[in-house]
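Here is the structure we will look at, set down as structure tokens.
We did not get these values from a lab; they are worked out from the coordinates using the rules stated. Everything numeric in this text was worked out from a predicted model, so none of it was measured. Virtual Cβ from ideal backbone geometry, glycine too; neighbours counted across all protein chains shown.
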Amino acid sequence: MFDIVSFIPRAVAQSIPLLFGSTGETITEKCGNLNLGIPGVMYVGAISGVIGSFFYEQSTENMHAFPAIAIPVLCCLAGSLLMGLLYSFLTVTLRANQNVTGLAITTFGVGFGNFFGGSLIKLTGSEVPSIALSRTNAYFARSLPFAAKTGWFGKIFFSYGFLAYLAIVIALIASYVLGHTRVGLQLRAVGESPATADAAGINITKYKYVTTCLGCMIAGLGGLYYVMDYASGVWSNDAFGDRGWLAIALVIFTIWRPNISILASMLFGGLYILYLYIPSGMNLSTKEIYKMFPYLVTIVVLVISSMRNKRENQPPASLGLNYFREDR
Amino acid sequence: MKNKTKAPLFHITKRKMLPWHRRWFIRLIGILLSFVVCAIITMVMTGLNPVEVASSLVYGAFGTPRKCWILGQEVAILLCVALALTPAFRMRFWNLGGEGQILVGGLACAACMILIGDKVPNGLLIFIMLVSSVAAGAAWALLPAICKAKWNTNETLFTLMMNYVGIQLVAYFTIVWEVPKGSGKIGIINQNTNAGWLPQVGPSKYFLNILIVLALTVIIYIYMRYSKHGYEIAVVGESENTARYAGIKVGKVIIRTLLLSGALCGLAGFLLVGGTNHTITTTIAGGRGFTAVMVAWLAKFNPIGMIFSSLLLVFFSQGASEISTAFSLNHSFGDILTGIILFFIIGSEFFINYRIHFRKS
């Protein structure tokens, strides 16, 4: 039988890293930067948080709630901010090719995550190739107090750690700022036509730097959520997988709208784990086909939105292009 | 309040094309600086003597004849993918789908080896493998190309997504064909009969791959530089409107070029499966579709330059894997070093293309 009450919480838990990643990437792309480094940034964010809480757990016996949460979050934000700064410096100041820079960041970030993950594993001297931060996980995964009492309703809506709600709040804020504020308008102007925006007195460099760094920090939180909450505080190398690319797919799927991304990421999360719930008998191969769905739907959306050619559904016009004032 | 606004501390202007030796000089400085940073980072993170690390880096790449052959083979495959992507990049079509195109090429090749391996003579089998790999790779690139030509669909994102469809397709067939059942992998195909294995030519089993790719380098160089197709690609890349005005059918050029691009990626899959690994896994492309983007870009899409840029990157990944074994470090250390070197090379392009004027005091 299809068990919807257990399916939805798992789909949602699966969706949160994607939501963080896609919100971060959406605002980055809105300012015209196609940051293909997001998968790497999410690794860096995750491992930075892990390093922070690892040393905190090692240093004290009785942990307090505030530092147990604040240390990993701040480490994660700092790590992803540095990656964002690196990307912005290379593409905005040095005007390097965005695709190449992004891919280099991904190479670096995934390597960085796995290297330090591996080093920490060696430091603990454990037999299994993973680090378990179960005490930190207890703080991150603490759900709302009334979740258990309200039955299936609580399980579907209240059973998540605070980062999950934060993801939704950030997505809503991002969507509001992009669509309804002056800052958002100027940001979109930078992404659509930097030359026009520049002529209107908007500081292109500042906008691109701030948005890209913010985007990276949001995406980094997705990595943190994955380790601390979804994976119950267990870091193992390469476990994060291709979720970063799925987040980029989600950006297109939602046609650059973070508020749609909240539901769409849950759809993707559901598609990601659907194979667990569909009775395929002994045939394991079918589940690999199901895993293809998120990408196939994204392609269909991409093609259809380009076919219909509605102006509000297009990628930002200067996406992937660097701005140099003296270019003609 | 000061009313007088100062001139900014510096401003940037675009340079005219520098002569080639100045360009390479700037890049060389970038690479040397990156070496210094890598040495410092190696020292800080691992506490090892950088000279020792550097010597084992070189040993890892060139230490034994066997290591040299592996290096040559790796360079050849990476170069093949970079060559495949070049025509598309010249046209400003960002084909980030190399990974998927290699995989489906390899998958088609493996399918032939498994399904008709014992039914047809070996020569014919290899021919069928080649044709089907190339066709599969081309088909994987054709879809984004058609959409780009018809509706101007964003090709970067489309080809990126096609990678994962390809990976899942391979994962599916891996389970369908797994040997033994339940192991989750195919294992060496036709181990006993060697049906469909590319014959060994010359001193090493890798030699044939290297020869094929060298020939390909020359062909692509000529194709891009001296053929009418190459010229059309360059014009479309510079300006689609100019191309249209000159009577070039832009859609046709896009589709034709991407067919070529995908076909060559399929060829890389064929060389990997038929020539080297004799098996297929989801990781057989090993990120080459992405690394090749950087290889092609570093060489500024010049096929001869790509020999050097792919050699540089492969040298580092091979050497770094030696370091990680020798000093029992994590394998990913190589990725960190590669990343740092790439950042520096990417950054050095700025000083080739732009000039900084400081304010005159």
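Listing for the model above:
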read-out	value
Farthest positive-ward along the protein assembly as shown dipole, Cα basis, beta-carbon charges - from B:Thr242, B:Cys38, A:Pro72	B:Thr242
Dipole moment magnitude, nearest 20 debye, segment A:4-313 about Cα centre, only Lys, Arg, Asp, Glu C-beta charged	640
Angle between chain B longest axis and helix B:228-238 axis [Cα atoms, degrees, rounded to 10]	50
Fewest-first sequence of A:Ser143, B:Ser55, A:Ser80 by Cβ atoms within 10 Å of each Cβ	B:Ser55, A:Ser143, A:Ser80
Between helix B:303-326 and chain B: long-axis angle, C-alpha atoms, 0 to 90°, nearest 10	80
Relative contact order of chain A, pairs being alpha-carbon contacts under 8 Å that are 6 or more residues apart, as %	37
Net +/- balance of residues flanking B:Asn302 in space, Cβ distance below 15 Å, scoring K and R +1, D and E -1	+4
Relative contact order, percent, segment B:77-309 [alpha-carbon distance under 8 Å, six or more residues apart]	43
Most positive-pole-ward Cα, B:Thr217, B:Ser183, B:Met91, against dipole of segment B:77-309 from beta carbon charges	B:Met91
Mean Kyte hydropathy of 1.6 or more with a Cα span along the axis of at least 20 Å, helices from DSSP in chain A	A:65-88, A:162-180, A:293-308
Cα centroid of segment B:272-288 to Cα centroid of segment A:163-220, whole Å	41
Signed unit charges on C-beta, dipole axis of the protein assembly as shown, positive-most listed residue B:Val314, B:Val134, B:Asn154	B:Asn154
Electrostatic dipole magnitude of segment A:171-328 [Cβ: Lys, Arg +1; Asp, Glu -1; Cα centre; debye, to 20]	400
Of B:Tyr231, B:Tyr172, B:Tyr245, the one that fluctuates the most in a GNM where chain B has Cα springs shorter than 10 Å	B:Tyr245
Cβ-placed point charges (K, R +1; D, E -1), dipole of the protein assembly as shown about Cα centre in debye, nearest 20	2340
Estimated FRET transfer efficiency when R0 is 22 angstrom, pair A:Thr286-A:Val5 (beta carbons, to 0.05)	0.35
C-alpha center-to-center spacing [segment A:28-95, segment A:108-129] in angstrom	17
Calculated FRET value between B:Ser328 and B:Trp151, using beta carbons and R₀ = 56 Å, to 0.05	0.60
Residue exposure sequence - B:Val51, B:Val176 - by fewest surrounding Cβ within 10 Å	B:Val51, B:Val176
Value of [θ]222 nm, deg cm²/dmol, for chain A, DSSP H segments ≥ 4, -39500 (n - 2.57) each, nearest 500	-23000 deg cm²/dmol
Per-residue Cβ neighbour rank within 10 angstrom, fewest leading, B:Leu18, A:Leu187	B:Leu18, A:Leu187
Taking segment B:210-332 and dividing mean pair separation by its residue count, relative contact order in percent (alpha carbons under 8 Å, at least six apart)	17
Gained length - B:Val201 relative to B:Ile29, 0.36 nm times residue gap less alpha-carbon distance	57.9 nm
